[in-house]
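The values are calculated or read from the model by the stated rules, or taken from the named source; none is laboratory data. Here the structure is a predicted model, which means the values were calculated and not measured. With ideal geometry, Cβ positions are generated from the backbone for all residues, glycine too; neighbour counts draw on all protein chains shown.
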């Protein structure tokens, strides 16, 4: 049976790996390495032809993984992702059409925002959990800290330009539940299928909240 999904995707682990899979054959060993390292939530981005097949493979073969779809841009992708086994959805931005499709999919979702206006618009629509993207370019920790005062009900998964050195600064903020990143999946390790290295880096990422919150 798949791992039970916590009340919020933001509370599964301190880091949400953002995964781009070029070869679906790598999906299962990659996911197993991330789960073994303590990062069970895995966002497979819909940026390659192998993405949906990878989601399907992980959902079927790695029961302890909570696999989701990222870079979701259309209602069609929402439907395809859920049909493939995605247990959550992430988008870099949102429209009312996309938001309603995600809301109707029956799984948790994180629509992307980068401005206070977008945050207020989502709160107005009953959405309190969001992706802050592109995090570093959109103002980083200073911007999110500024939002916490007037908009304390909003919680974020900042993603974009975050690495192991900056992640703890984000995780220290009261309105951040987790951060998204891909530093535990260096291109050379994936190309070499060095899943042991991926597991070690995932384990380091999984402990980033120690001493922060």
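Residue count for region 71-103 under the criterion of being in a loop (DSSP other than H, G, I, E, B), more than 16 Å from the chain's Cα centre (by Cα) and in contact (Cβ under 8 Å) with a residue 24 or more places away in the chain: the result is 1. Of all residues in region 55-70, those satisfying the criterion of being closer than 13 Å to residue 32 by Cβ, in contact (Cβ under 8 Å) with a residue 60 or more places away in the chain and either in contact with a helix residue (DSSP H, G or I) (Cβ under 8 Å, 6 or more places away or on another chain) or surrounded by 19 or more Cβ atoms within 10 Å (Cβ to Cβ) (or both) are 64, 65.
This table checks each residue for (1) within 29 Å of residue 168 (Cα to Cα); (2) modelled with pLDDT of 95 or more; (3) in contact with a strand residue (DSSP E or B) (Cβ under 6 Å, 6 or more places away or on another chain); (4) not in a loop (DSSP other than H, G, I, E, B).
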{"site": "1", "(1), (2), (3), (4)": "no, no, no, no"}
{"site": "17", "(1), (2), (3), (4)": "yes, yes, yes, yes"}
{"site": "27", "(1), (2), (3), (4)": "yes, yes, no, yes"}
{"site": "30", "(1), (2), (3), (4)": "yes, yes, no, yes"}
{"site": "35", "(1), (2), (3), (4)": "yes, yes, no, yes"}
{"site": "39", "(1), (2), (3), (4)": "yes, yes, yes, no"}
{"site": "43", "(1), (2), (3), (4)": "yes, yes, yes, yes"}
{"site": "56", "(1), (2), (3), (4)": "no, yes, no, yes"}
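What are the residues in region 122-159 that are over 17 Å from residue 170 (Cα atoms), assigned to a helix (DSSP H, G or I) and touching a helix residue (DSSP H, G or I) at 6+ places or on another chain (Cβ under 9 Å), if any? The answer is 122, and nothing else. Reported count of residues in region 62-106, each being touching a strand residue (DSSP E or B) at 6+ places or on another chain (Cβ under 8 Å) and within 30 Å of residue 199 (Cβ to Cβ), is 20.
Of the residues 89, 123, 110, 144, only one is more than 19 Å from residue 11 (Cβ to Cβ) and surrounded by 14 or more Cβ atoms within 10 Å (Cβ to Cβ); which?
Exactly one of 89, 123, 110, 144 is more than 19 Å from residue 11 (Cβ to Cβ) and surrounded by 14 or more Cβ atoms within 10 Å (Cβ to Cβ), namely 123.
Of all the residues in region 162-188, those that are in a helix (DSSP H, G or I) and either touching a residue at least 12 places away in the same chain (Cβ under 8 Å) or surrounded by 20 or more Cβ atoms within 10 Å (Cβ to Cβ) (or both) number 5.
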